[in-house]
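Undergrad: One structure coming up, written as C-alpha cells, with questions to follow.
Where a number appears in this text, it was derived from the coordinates with a stated rule and is not lab data. Because the structure is a prediction, the values reported are computed rather than measured. Heads up, the Cβs are rebuilt from the backbone with ideal geometry, glycines too, and the neighbour counts pull from every protein chain shown.
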Amino acid sequence: MSPAPRTTRQRTAVADLLSRVDGFRSAQELHELLRREGASVGLTTVYRHVQALADAGEVDVLRHEDGEAVYRRCASPAHHHHLVCRACGRSVEIEGPAVERWTSQVAAEHGFTDVQHTLEVFGTCADCA
C-alpha cells in the first residue's frame, strides 16, 4: 500500500468540491468541475486524491455496471448503503439491519470473521420514473 498523498492545495480542492456537489461523481467529472473553477489540477492527481480519500473512509466509492468508480462525501460516517437512481444518479443513504444480520450469519456459517461488505441498490427515482 502506498503512503497517503500529503495534504496539498489540489487535495484540499478535491475534498472541498466533493463536499459541495450532490450525488456520486466520477474522477473525470470532478476534474472538469475543478478546471471550470480555475483550479490547476491534473486528472491523474484527481484520481490519486479521490482514492486516498476513499482509503481514509472520507468518501464512499460506488462502481457502476461498466466498472467506472464514482465518489461521494456522505453525510453519515457510520456504515450504510445507497439507493441510487440509474437515470439521474441521485442517491439516498439507507440502513439495512436485515442485510447486516444476514451478512454476519452467512459469514459465521462459513467460518469467516472480520467481514466487510457494501450494498448498493439501483432503481429509478420518482422524479425520473
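Undergrad: How charged is the neighbourhood of Ala27? Take every other residue with its Cβ under 11 Å from the Cβ of Ala27, and add Lys/Arg as +1 and Asp/Glu as -1.
TA: Net charge around Ala27: -1.
Undergrad: Taking θ = phi - 60°, what integer Hz values does the Karplus form 6.51 cos²θ - 1.76 cosθ + 1.60 yield along the range 117-122, in sequence order, with x for Gly and Pro?
TA: Working through the residues one at a time gives 7, 10, 9, 10, 10, 9 Hz.
Undergrad: Helix-derived [θ] at 222 nm for the chain: sum -39500 (n - 2.57) over DSSP H runs of at least 4, divide by residue count, nearest 500? Mind showing how you got there, number by number?
TA: Details: 4 runs with 48 residues, N = 129.
Roughly -11500 deg cm²/dmol at 222 nm, from the helical runs in the chain.
Undergrad: Out of residues 5 or more away from Val121 or on other chains, whose amide H comes under 5 Å of its own, with H placed 1.01 Å from N in the peptide plane?
TA: His82, Leu83, Val84
Undergrad: Shifting gears a bit: Explain nothing, just compute: Karplus ³J(HN,Hα) = 6.51 cos²θ - 1.76 cosθ + 1.60, θ = phi - 60°, for every residue of the range 78-85 in order, whole Hz, x for Gly and Pro.
TA: Once rounded to whole Hz, the list reads 6, 4, 7, 10, 10, 9, 10, 7.
Undergrad: How high is the relative contact order of the range 9-72? Use alpha-carbon pairs under 8 Å, at least six apart in sequence, and give a whole percent.
TA: After rounding, I find 39 percent.
Undergrad: Okay, next question. Show the residues, 5+ positions off or on another chain, whose built amide H is closer than 5 Å to the amide H of Arg90.
TA: Result for Arg90 returns Cys85.
Undergrad: Right, another one. Express in whole angstrom the spacing between the alpha-carbon centres of the range 80-102 and the range 32-73.
TA: Taking the Cα centre of the range 32-73 as reference, the centre of the range 80-102 is 20 Å away.
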